[in-house]
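The values are calculated or read from the model by the stated rules, or taken from the named source; none is laboratory data. Nothing here was measured: the structure is a model prediction, and the numbers come from that model. Cβ atoms come from the backbone with ideal geometry, glycine included; neighbour counts cover every protein chain shown. Each accessible area value is taken on the protein alone, full model and side chains, heavy atoms only, with ligands, DNA and RNA left out. Shrake-Rupley method; radii C 1.70, N 1.55, O 1.52, S 1.80 Å.
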Amino acid sequence: KKSGLEICREALSILAVARQGLSQQELEELLRIQERGLESNWHSLAQALNTDLAVRSEGLLGFVYSAFRLAVERRYLVDPEERRKVQLKLAAYFEGKKSSSEGADAKRTADELPYVLEGLGEWGRLRDCLASSLDMLYQLYNDKDTVDLLRFWREGGSEGELNGYKAAAECYVKELGRFEQEGMAPQMLWQSSLTVARFLGDAGEFNEAHALLVKARDMAKDLGGGDKFVAEVSLRCAELLNKWSASSPEYTSEMMLRSATYAREASDLFAKLEECRELYASALYWTTLNFATLGRLGGGGKWNASSCFETADSSASECLALRHQIQAPQVKVAESIFSKGVLFFCKSEAISSNLLQPAEDAAQEVKKLREAAFEAFSQCYDDFQNEYGAKHLEAIKCITMMALLCRRMERQRESIKWASQEVRLREEVQGELHPRTQQARRVLIELRN
């Protein structure tokens with residue numbers, strides 16, 4: 001009876017601190033069922049808890065009712081030291097699995113280990129977890145978990161060490177160099193370089209990200225396989241340069257011309273590749289954003305403002321139609337609508353600056369364009385919030401644009417409200433030192449003055 005009560009306490013406590021639940025195998029290994037000779041007790045307990053525990057997605061056990069989880073926490077985990085002891089046990093288990101984790105095991109380690117280390121405040125172990133390989137990057141750099149990965153790098157490490165994002169850049173670039181020296185397959189090295197470059201772009205380490213993309217572009221030309229590799233590098237260059245420009249006090253025509261050129265190259269190449277429909281849509285998205293912004297600045301290179309907006313307009317329409325055609329998720333459709341909003345806004349700016357000839361009365365057209373843009377951003381904000389939550393970077397960039405539009409429409413209080421919200425969210429999500437946060441803060445100070 002005593003061992004039965006003990007195993008019940010241990011099992012429920014561990015399940016209560018696990019982020020996504022645990023598989024039956026993980027739970028049995030954590031409880032050391034076989035080593036302790038508790039197979040019979042464990043079988044009886046599993047049967048008794050059958051109605052309170054459920055198998056969730058990916059075969060993980062979790063509590064059916066939040067009330068039962070709360071009861072477990074109140075009974076077994078009220079003492080902070082007791083909770084910490086259970087968390088340390090969970091952390092040690094996944095740390096032991098990390099070096100040999102592959103596939104599903106690597107994902108499970110990424111889903112649990114950094115989160116429990118963060119909860120423990122074990123910053124040195126968290127930094128070691130992130131820096132020991134690229135596995136955490138591969139698993140957590142995605143639409144839903146990137147914000148968490150950014151936060152982990154800011155939090156990991158001790159005072160006096162490199163800024164978290166700079167440490168990430170140093171770690172990842174070093175790891176790629178090791179892969180190259182050890183003779184990693186060229187295509188795998190190329191794909192790893194793209195992933196690292198995209199994450200460093202989100203982290204505001206633009207120079208390091210750009211250097212990796214330049215190298216990846218050279219690698220792409222040697223890989224063979226037609227235009228796909230070159231097209232994807234051009235797409236990521238278009239994305240990076242846009243984000244780099246947005247983090248500066250002013251967009252520069254030179255950088256926007258480069259980003260527009262990359263986007264156009266990517267969309268032209270992907271248009272020929274039937275198997276790359278979503279990548280083609282993504283290239284059209286960045287073509288819309290970058291040409292609209294270049295048009296807002298009056299054009300550049302062989303494109304004047306009018307031809308920039310013609311390119312942006314056709315790309316936006318094709319992007320939206322393509323995503324409907326391939327039945328893309330709603331967030332991808334929302335992304336296409338966001339690009340339409342940017343197009344409307346940039347057109348209104350160009351007309352206001354006499355860089356683009358209006359089709360009707362200038363004041364009326366500017367008003368209509370701004371209203372259409374605000375409606376598009378409001379819709380996208382709702383879609384991104386519903387899918388990812390308010391702290392996602394896609395939702396935050398909608399806030400950026402709504403604050404800017406309110407300012408243009410002389411809705412000052414509303415503009416300050418949105419701008420204040422942007423600063424607060426960017427500080428929390430990207431950190432106070434991130435270039436995009438600093439730019440948002442500059443805008444808010446200007447608005448308040």
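Under the rule of -39500 (n - 2.57) per DSSP H run of 4 or more residues, summed and divided by the residues of the chain, what mean residue ellipticity at 222 nm is obtained, to the nearest 500 deg cm²/dmol? Intermediate results must be reported in sequence, preceding the final value.
Values: 22 runs with 339 residues, N = 449.
When only DSSP H runs of four or more count, the value is -25000 deg cm²/dmol.
If each of residue 6 and residue 148 carries a label point 7 Å out from its Cα toward its Cβ, how far apart are those two points in nm?
Calculated label separation equals 3.3 nm.
Just subtract the alpha-carbon distance of residue 433 and residue 74 from 0.36 nm times their residue separation and send over the number in nm, one decimal. Numbers along the way, then the final one.
Numbers: separation 359, 0.36 × 359 = 129.24 nm, distance 3.92 nm.
Once the chain is fully extended between residue 433 and residue 74, it gains 125.3 nm.
Of all the accessible heavy-atom surface of the range 256-313, with the other protein chains kept in place and a 1.4 Å probe, what percent is carbon and sulfur?
Numbers: 1000 of 2080 Å².
Taking all protein chains in place, the range 256-313 shows 48 percent carbon and sulfur surface.
When only Cα pairs under 8 Å and 6 or more residues apart are kept, what is the percent relative contact order across the chain? Can you show the working numbers first?
On the way: 572 pairs, mean separation 38.7, N = 449.
Normalised by residue count, the contact order of the chain is 9 percent.
Out of 351, 416, 33, any idea which swings most in a Gaussian network model of the chain, alpha carbons joined below 10 Å?
Residue with maximal mean-square fluctuation among 351, 416, 33: 33.
Roughly speaking, what is the stretch gain from residue 107 to residue 391, that is 0.36 nm per residue apart minus the C-alpha to C-alpha distance, in nm to one decimal?
On the way: separation 284, 0.36 × 284 = 102.24 nm, distance 2.26 nm.
Residue separation times 0.36 nm, minus the Cα-Cα distance, leaves 100.0 nm.
By per-residue mean of other Cβ atoms within 10 Å, what is the highest-first order of 190-196, 16-22?
Ranking the peptides 190-196, 16-22 by packing returns 190-196, 16-22.
Between residue 277 and residue 367, what is the label-point separation in nm under the 7 Å Cα-to-beta-carbon projection?
Between residue 367 and residue 277, the simple spin-label model gives 4.2 nm.
Filter 302/368; 340/368; 85/174; 166/221; 144/221; 107/215 down to the pairs with a C-alpha to C-alpha distance above 25 Å, please. Let's see the in-between values first.
Working: 302/368 29 Å; 340/368 14 Å; 85/174 35 Å; 166/221 29 Å; 144/221 32 Å; 107/215 29 Å.
Cα-Cα > 25 Å for 302/368; 85/174; 166/221; 144/221; 107/215; rest within.
With a 1.4 Å probe and every protein chain left in place, tell me how much accessible area residue 324 has, in Å² to the nearest 10.
That residue has around 110 Å² of solvent-accessible surface.
What angle do you read, to the nearest 10 degrees and between 0 and 90, between the alpha-carbon axis of helix 228-246 and the longest principal axis of the chain?
That works out to roughly 80 degrees.
Give me the distance between the Cα centres of the range 334-402 and the range 430-449, rounded to whole Å.
Value for the Cα centre distance between the two parts: 20 Å.
Name the longest site-free stretch of the chain, where the excluded sites are GluC sites (Glu not before Pro) in a DSSP loop with no more than 13 other beta-carbon atoms within 10 Å.
That gives 251-359 as the longest site-free run.
Setting aside same-chain residues fewer than 8 positions from residue 417, which lysines have a Cα under 18 Å from its Cα?
391, 397
FRET efficiency for residue 218 and residue 182, Cβ-Cβ distance as r, R0 = 30 Å, nearest 0.05? Intermediate results must be reported in sequence, preceding the final value.
On the way: r = 20 Å, r/R0 = 0.65.
Efficiency, rounded to the nearest 0.05: 0.95.
Relative to the longest principal axis of the C-alpha atoms of the chain, give the angle of the C-alpha long axis of helix 2-17, reported between 0 and 90° and rounded to the nearest 10°.
Roughly 10 degrees, rounded to the nearest 10.
To the nearest 0.05, how large is the calculated FRET efficiency for residue 84 and residue 174 if R₀ is 25 Å and r is the Cβ-Cβ distance? Mind dumping the intermediate values first?
Numbers: r = 33 Å, r/R0 = 1.32.
So the FRET efficiency works out to roughly 0.15.
Using a 10 angstrom cutoff on alpha carbons, build the Gaussian network for the chain and name the most mobile of 165, 65, 93.
65
Heavy-atom accessible area per residue, the chain, 1.4 Å probe: how many Å²? Show your work: numbers first, answer last.
Values: 21070 Å² over 449 residues.
Per residue, the chain has an accessible area of 47 Å².
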